[in-house]
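See below for the structure under consideration.
The values are calculated or read from the model by the stated rules, or taken from the named source; none is laboratory data. Being a predicted model, the structure only gives us computed values, none of them experimental. Cβ placement follows ideal geometry from the backbone for every residue including glycine, while neighbour counts extend to all protein chains displayed. Note: accessible area is taken over every heavy atom of the protein model, side chains too, but ligands, DNA and RNA are not part of it. Shrake-Rupley method; radii C 1.70, N 1.55, O 1.52, S 1.80 Å.
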Amino acid sequence: MALLEVKNLKVDYPLRGAFWSKQKFLHAVDDVSFTVERGETVGLVGESGCGKSSIAKALVRLENPAAGSITIDNVNIADLHGKALRKARKDFQMVFQDPYGSLNPRLSIQSTLDEVLALHTNLNKTERLQRMKELMQMVGLDSQLLPRYPHQFSGGQRQRIGIARALASEPKLLIADEPVSALDVSVQASIINLLQELQKQSQFGLLFIAHDLAVVEHISDRILVMYLGRIVESAPADELCALPLHPYSAALLSAVPTLEKRVGKRLKLSGDVPTPLAPPCGCAFHERCAFATERCKRERPALREIAPRRFSACFHAQENGLFTCGKE
Ligand code: SF4
């Protein structure tokens with residue numbers, strides 16, 4: 001069984017309305033299913049507002065799912081509450097986008113790491129200090145820096161501390177939500193390489209969330225492409241980037257200049273992402289899709305396997321086999 005198995009996940013946010021009217025909801029994540037194996041990196045990519053971060057928050061239970069199951073190592077964490085949930089958190093940790101905002105400015109790095117170790121391990125004080133030194137070394141920081149405070153570090157160093165904190169409980173699953181998007185381009189690669197090295201050593205499952213397909217391609221074994229709350233394509237990273245099977249994936253790839261040759265002529269996205277408050281009927285992408293037909297406006301395509309390990313929620317791809325977007 002997969003390390004992480006997400007089935008039919010829904011995340012809703014209540015909308016404000018008049019007190020006498022029926023409660024309405026924004027459906028941020030709508031019937032999403034996927035898996036992450038031990039030692040595997042799955043990239044989750046899509047434009048901002050597509051529901052990626054809502055999935056991340058649901059996985060670490062910062063949001064309560066409206067429906068569906070989230071099974072980590074055979075435990076459905078969507079059903080856990082209170083003490084049982086606190087105990088289970090040891091197994092899944094998150095690296096946040098903003099390395100400064102996610103660290104308590106009043107706590108030294110030593111106190112930050114000690115808090116996690118005291119909560120999730122049985123180590124005594126001396127053993128915890130030893131473990132903190134090891135963690136600092138693992139993320140490429142000098143253990144002499146433990147007494148310092150977050151503001152005394154650069155953005156890249158703070159993200160390394162965020163990673164050390166996430167790994168302190170030796171999680172089975174790490175969820176990295178846009179971990180490099182707040183960092184200078186010059187330090188992004190070093191953080192990605194660090195995550196890859198650490199995963200090789202510890203074999204945790206990694207869900208790597210980003211809006212930049214070039215970053216996701218570099219680190220992922222498999223990629224999930226998300227659009228307006230749903231997964232529209234799922235495939236091995238190299239295959240998806242060589243030949244996307246959804247026009248939205250093709251458009252995201254076209255936006256990466258170095259990949260332009262691989263997808264034929266440039267496929268530009270027209271229009272804006274529709275609001276999830278009033279999603280279009282049929283295929284949610286039809287208003288921006290160069291291949292849309294009348295059927296696309298009426299029916300919503302399900303995510304189907306159309307080649308081994310290649311899933312697409314697109315009628316065009318399902319009917320025409322391998323999708324050669326941009327070359328027609
Ligand atoms: Fe475009 Fe139709 Fe495929 Fe949707 S189902 S992506 S509108 S071709």
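Among the protein heavy atoms of the chain, carbon and sulfur supply 50% of the accessible surface, probe 1.4 Å, non-protein parts ignored.
Of all beta bridges that DSSP places with both ends in the chain, some 60 percent have antiparallel geometry. Rounded to the nearest 20 debye, the dipole size of the chain about its Cα centre is 600 debye, using +1 on the Cβ of Lys and Arg and -1 on the Cβ of Asp and Glu.
Shape verdict for segment 14-142, please, from the Cα gyration tensor: rounded (a/c under 1.5), prolate (a/b greater than b/c) or oblate. The shape class here is prolate.
Close amide H contacts of residue 303 (hydrogens built in the peptide plane, cut-off under 5 Å, sequence separation of 5 or more or a different chain): none are found. The C-alpha atoms of the chain define a longest principal axis, and helix 185-202 lies at about 70 degrees to it. Would you mind checking the tilt of helix 155-167 against the longest principal axis of the Cα atoms of the chain, expressed as 0 to 90 degrees and rounded to 10? The angle comes out near 80 degrees. Protein-only accessible surface at a 1.4 angstrom probe places the residues 115, 134 in the order 115, 134, largest first. Of the residues 133, 90, 52, the one that moves most in a GNM of the chain with alpha-carbon contacts below 10 Å is 133. When nucleic acids and ligands are ignored and a 1.4 Å probe is applied, residue 112 ends up with an accessible area of around 10 Å². Taking the Cα of residue 64, stepping 7 Å toward and past its beta carbon, and measuring to each backbone N in segment 78-97: which are under 16 Å? Correct set: 78-86. At the residue level, residue 73 shows approximately 50 square angstrom of accessible surface with a 1.4 angstrom probe and all protein chains present.
Taking amide H positions as modeled 1.01 Å from N, with prolines and chain starts lacking one, no residue 5 or more places away or on another chain lies under 5 Å from residue 49. Using a probe of 1.4 Å on the protein chains alone, the accessible area found for residue 96 is around 70 Å².
A dipole drawn for segment 109-254 from +1 and -1 charges on Cβ atoms has a positive end, and of 220, 206, 254 the residue lying farthest that way is 206. A Förster radius of 41 Å combined with the Cβ-Cβ distance from residue 300 to residue 16 puts the calculated FRET efficiency at roughly 0.90.
Summarising the amide proton neighbourhood of residue 232: residues at separation of 5 or more, or on other chains, whose placed amide H is nearer than 5 Å comprise 225, 226, 227.
Heavy-atom accessible surface of segment 1-56, averaged per residue, reaches 52 Å², computed with a 1.4 Å probe. Across 131, 309, the residue with the most accessible area heads the list, and the full order at a 1.4 Å probe is 309, 131.
Could you tell me which of 112, 97, 81 has its Cα farthest along the dipole of segment 80-125 towards the positive end, charges placed at Cβ (Lys, Arg +1; Asp, Glu -1), taken about the Cα centre? Result: 81, furthest along the dipole toward the positive end. With both labels modelled 7 Å from their Cα along Cα-to-Cβ, the residue 121 to residue 293 distance reads 5.9 nm.
The percentage of C-alpha pairs in the chain whose separation is greater than 29 Å is 41%. Could you sort out which of 10/83; 172/200; 52/87; 87/133; 83/133; 10/90 sit more than 20 Å apart by Cα distance in this structure? Violating the 20 Å limit, Cα to Cα: 10/83; 52/87; 87/133; 83/133; 10/90. Using the Cβ of residue 53 as centre and a radius below 13 Å, the other residues enclosed give a net charge of -3, where K and R count +1 and D and E count -1.
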